[in-house]
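Take a look at the structure below.
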Amino acid sequence: MNFDEIIKANKQNIKNIVKLITKQENEDVEQEVYIKLWKNSEKYEERGSLKSWVNTVAKNASKDYLKSAAVRNEQNSTSDEYTLTSIKDKKRNPEDNLITTERQKRIINAIESLKPKLKETIMLCEIYGYTYEEASKKLDCPIGTIKSRIYNAKKELAEVLEDLL
């Protein structure tokens, strides 16, 4: 198993999962994912797809980060160190944050409004990074059906979110 190839093939997917779960770009969590992948690469058994394993590691590392962040916030809520680490980058102002949050909410609502089969397929392929073949096996339907659902879901999303494009 070539670790460099694993990273290259999954880098964007790991970024997407971390951002989806933590609601921010977080290079520390991404690095944690790479470390866990490297440390556990010998334990990996080829029962499922490698991409699914990588996705699971990324999801778990992101969830662990959120748990530890919540604990850190409770424990350090009055310390000077917490105050210094919680100061946000001045380049992003509250208006930008609000716009980003509203944009994300609209996208999530648009995905939620899709028909169940379209939503399930778009989530697997675009959010969780499944290949068409993997989604086809998971949903027990032909690859052509997966491609059709992806096309139709993207078409509907493009119509609903036209002003964001």
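Please tell me which of these pairs span more than 28 angstrom C-alpha to C-alpha: K67/K138; K19/K119; K8/K39?
Numbers: K67/K138 30 Å; K19/K119 19 Å; K8/K39 17 Å.
The pairs that break the limit, which is 28 Å between Cα atoms, are K67/K138.
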* Asked: Separation between the Y44 and N16 pseudo-spin-labels, each 7 Å from Cα along Cα→Cβ, expressed in nm?
  -> 1.8
* Structure fact -> Full extension between R106 and E126 adds, at 0.36 nm per residue less the Cα distance, a length in nm of 5.5 nm
* For the stretch 91-165, convex hull of alpha carbons as volume per residue, Å³ -> 93
* **Under 16 Å from the Cα of K15 - lysines, other chains or at least 8 residues apart** => K23, K36, K51, K59, K63
* Structure fact -> Once both label points are put 7 Å beyond Cα along the C-beta direction, the E133-E5 separation in nm becomes 1.3
* To do: Return the distance in nm (one decimal) between the two label points of a simple spin-label model at K147 and K23, each offset 7 Å from Cα along Cα→Cβ.
  => 3.9
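Every number here is computed from the coordinates shown, using simple stated rules; none is lab data. Predicted model only: the values in this text are computed from it and were never measured. When we count neighbours, we look across all protein chains shown, and the Cβ atoms used for this are built from the backbone with ideal geometry, even at glycine.
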